[in-house]
Each structure stands twice: as C-alpha cells, then as structure tokens.
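For reference, the structure I am asking about is given below.
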Amino acid sequence: MTAKIAINGYGTIGKRVADAVAAQDDMRVVGVAKARPDFEAKMAIRKGFALYAANPDAGTKFEKAGVKVSGALDDLARAADLVVDCTPEDSGYKPLYEKAGIKAIWQGGEEHSLTNLSFNAAANYEECLGAKFVRVPSCNTTGLIRTLYPLDDQLGVTDVLAVMVRRATDPGDSKKGPINAVEPELEMPSHHGPDVQSVLPKLNIHTIALKVPTTIMHVHALAVDLKRATTEDAVLDVWKRFPRVAFVSGADGVRSTAQIMELARDLSRNRADLYEIAVWRDGVHVTGGKRLFYFQAVHQESDVVPENIDAIRSMLEIQKDGRKSMEKTDQSLGIGIVK
Ligand code: NAD
C-alpha cells in the first residue's frame, strides 16, 4: 500500500515535508494546500504537486492570480489517509480533519494538549503506532531530545541545564527580528524544557533561551549531570549508536554555524538541509566523571522533517519497528554520512 499524504501549509516546513514524502516508496503526496497564491504556491505546481485552496473562499483569489487549484482543503482531506499540518500555530484545522475522518500530524508551534501525543522517532515511535493525532515538537525541542534521549537511555541523566541561543527568524523571512539586539526570553524555564518533557516526561531539564540576529541555526550549550561515570569518547560512542546526530570539529575549521551550513551546502542535499543535530566533537567535556558539557547546532528549517516521515509510518502502521522506519527515512534523505 502506498499511503496518501496531504500537506496543509506549504511554507518552510511544509515544502520540505512534501519533498521528503515524495522521496519515499511507501507514501506519496496527494496534494498540498495553501492559503495564498504566492510564489510558493506556484512552485508547488511546478514541482508537480496538486494544489488546493486551504480556505474554500480563497479559490477565486487563486483563480485571479492565474494559479490553478484542484479543489479546496476538504476535497484534499477526503482524498488522503493522513494530513501533515504545517500551517502557522493555532490555524485551527482540527475540526475539519475530524469531520473528514483523517489522521493528522501538527508541528511544534502547537501546544502538546492539541494531540496529547508528541513524537520523536528514537524515543517513542512505538507509543504512537496507530495514533489519530500526533504533534512533532519544535526544532529546538527535537534537537534537545535527539542528544538527551540517548544519554538518558545509556548513561542515565539526573539533571540538565540547556542554554539555547535561538536564531531570530528563517532565511526566507524579512519581517521578524531582532536584527541588532540580543533578546532574552524572560519566562523561566523557557517553554522548551516542559516541551521536551512532553516526550520524555521523567527528564529533569531546565532551559534558558535568548534570541540573536542570525537566521541559519540555533546553538545549544548544555550541562548534563549523569548517573553513571563516563568519558568524552564513551559519550561520543553513545551518540554514534543513535540516528540523526552528526559530528563536526573545531579542529577541522568548523568554528561556528557558518561553517556547519557551508558543510551542509557541500553535501549537495535538497535545499542544503542538515537534518542531523550537529555536535562539536571537540566541544564535549566531562568533569569529575559525571558532569557533561557540550554544544550542538540545530538547522531549524529541516531537523523535524525526518521525524514527520517516521510519524506518518508509525500512525499508519506502515512499519511497526521504529529503527527500520528511521533507517528507511535516513537512507532516502542521505542522512548518516556525516559521522
Ligand atoms: P511558514 O510561515 O514558513 O509557512 C506556513 C505556510 O502555511 C505558508 O505556506 C502559508 O502560506 C500557509 N498558511 C498560512 N495560513 C494558513 C492557513 N490558515 N491555512 C493554510 N495554510 C496557511 O511557517 P513554518 O515555519 O513552516 O511553520 C509551520 C509550523 O512548523 C509552525 O507550527 C512552526 O512553529 C513549526 N516549525 C517551524 C520551524 C521553523 O524553523 N520554521 C521549525 C520547526 C517547526
């Protein structure tokens, strides 16, 4: 069976999820829905995706702009097995999906309470098998879980402090800032800690966040207290056993997010995306055996993309084994070659 997947919201995340679905042999894109007939809508058609108007009244707006739509979102929902909702937060499509009797995945802008099930392929693939509604947490939360889940699983974590230096906005956005300021998030903890706990409820984590004027990546500085004594090499070995963690090295000249994204461009992947979380190998330090410090960088536009593909396989029970799903996804997207 080839699963029929709809994408609602074709922006930063939606267009990447659409391309990733199209790269699988066990699912296909039946259509993408957009609210506006902008350049991204036109690009969806050029790529061969059937385009639908997210709002039935918007059909005329599309027609006037000379953009051909195949119908409205209701039509698309009826034609699909599952919709990946990549619209901005609180767009409010749950009743429409419920009416169409369709499964749905939302992104990290939504609250955990929308689905009561948040997904990370390594941590809880099996828990989401057959689920109707699932949320893939944000880029930052996914990034934290990617490295913390393996540590907790293999070495035991008693306590985490994560300081998160967040990009101001995405490269394709010229509206948001800051453009010449550093903006601390005054809420304490930042929402990321509780969000990590939506997948790893027992993890004792505290997060502090600041926004800075960059668009390419987030950087996290972490201090982790471990239950079992370890070494730097043993920590690197733990991460090597889990998918979607890549290593970079200051000694190789990768001193900042600029070089990480240059390396990503050199990989010649779709859109120069880096789906893995990049950990600085020579930024990993263990003191007293049980206290670990490390730095990681998150390509916010793409790290959640493979998780969306695995969430589809889990919810539609196309593959019951999470490891096998991750391997298939990673092979299709070229993940795993930076180790
Ligand atoms: P975006 O603004 O880049 O794209 C949103 C898309 O939805 C656009 O195509 C827009 O035209 C369309 N849209 C807007 N209103 C709509 C509506 N009412 N109905 C249908 N389509 C509508 O947003 P994004 O960055 O892709 O974010 C989408 C979701 O993914 C959010 O929950 C966000 O928090 C989450 N997310 C974003 C990032 C990131 O770094 N950009 C990372 C991880 C998760």
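The values are calculated or read from the model by the stated rules, or taken from the named source; none is laboratory data. Since the model is a prediction, treat every value here as computed from it, not as a measurement. Methodologically, a virtual Cβ is constructed for each residue, glycine included, from the backbone with ideal geometry; neighbour enumeration extends over all protein chains shown. In case anyone asks, the SASA skips ligands and DNA or RNA and just uses the protein heavy atoms, side chains included. Shrake-Rupley method; radii C 1.70, N 1.55, O 1.52, S 1.80 Å.
So for region 139-298, if I pair up every lysine 8 or more residues apart or on another chain, how many of those pairs have alpha-carbons under 27 Å apart?
Numbers: LYS175/LYS211; LYS176/LYS211; LYS202/LYS227; LYS202/LYS240; LYS202/LYS290; LYS227/LYS240; LYS227/LYS290; LYS240/LYS290.
The result is 8.
Could you look at the chain and say what percent of its accessible area is carbon and sulfur, using a 1.4 Å probe and all protein chains? Can you show the working numbers first?
Working: 7310 of 14580 Å².
Result for the chain: 50 percent of the exposed heavy-atom area is carbon or sulfur.
Report the Cα centroid-to-centroid distance between region 217-247 and region 113-184 in angstrom, as an integer.
16 Å
May I pose another question? Run lengths n ≥ 4 of DSSP H only: what is the helix-derived mean residue ellipticity at 222 nm for the chain, with -39500 (n - 2.57) per run over all residues, to the nearest 500?
On the way: 12 runs with 107 residues, N = 339.
Taken over the chain, the calculation gives -9000 deg cm²/dmol.
Further question on the same structure: With +1 on each Lys and Arg Cβ and -1 on each Asp and Glu Cβ, and nothing else charged, work out how big the dipole of region 139-298 is about its Cα centre, in Debye to the nearest 20.
Values: 19 positive and 19 negative charges, 28 e Å.
Charge dipole of region 139-298: 140 debye, to the nearest 20.
Going Cα to Cα from LYS61, which lysines come in below 19 Å? Please leave out same-chain ones fewer than 8 positions away.
LYS34, LYS42
Percent relative contact order of the chain, based on C-alpha pairs within less than 8 angstrom and at least six residues apart?
Across the chain, relative contact order equals 18 percent.
So, with +1 on the Cβ of K and R and -1 on the Cβ of D and E, and no other charges, what is the size of the charge dipole of the chain about its Cα centre, to the nearest 20 debye? Intermediate values should be presented prior to the final figure.
On the way: 43 positive and 45 negative charges, 125 e Å.
Computed about the Cα centre, the dipole is about 600 debye.
Cα centroid distance between region 1-64 and region 254-331, in Å?
25 Å
Next question. Taking the Cα centre of the chain as the origin and placing charges on Cβ (Lys, Arg +1; Asp, Glu -1), which of GLY193, ALA162, SER91 is farthest toward the positive end of the dipole?
The one lying farthest along the dipole's positive direction is SER91.
If each residue of separation counts as 0.36 nm, what is the full-extension length gain between ALA223 and ASN116 once their alpha-carbon separation is subtracted?
Details: separation 107, 0.36 × 107 = 38.52 nm, distance 2.87 nm.
In short, 35.6 nm is gained.
Under 5 Å between amide hydrogens, which residues at least 5 positions from ALA3 or on another chain qualify, with H placed 1.01 Å from N in the peptide plane?
The list, which skips near neighbours in sequence, is MET27, ARG28.
P(r) for the chain: what percent of alpha-carbon pairs falls in each 20 Å bin, starting at zero?
31, 58, 10, 0
Along the charge dipole of the chain, which of VAL67, TYR294, GLN319 sits closest to the positive end, that is, farthest toward it, with unit charges on the beta carbon of Lys, Arg, Asp and Glu (+1, +1, -1, -1)?
Projecting each Cα onto the dipole axis, the largest value belongs to VAL67.
Straight distance only, please: which aspartates and glutamates reach the Cα of LYS64 with their own Cα at less than 19 Å, same-chain residues fewer than 8 apart left out?
ASP38, GLU40
While we're looking at this one, here's another question. So which trypsin sites (Lys or Arg not before Pro) in region 205-240 end up in coil per DSSP with only 16 or fewer other C-beta atoms within 10 Å?
Numbers: sites: LYS211, LYS227, ARG228, LYS240; in loops: LYS227, ARG228.
Qualifying residues, ordered by number: LYS227, ARG228.
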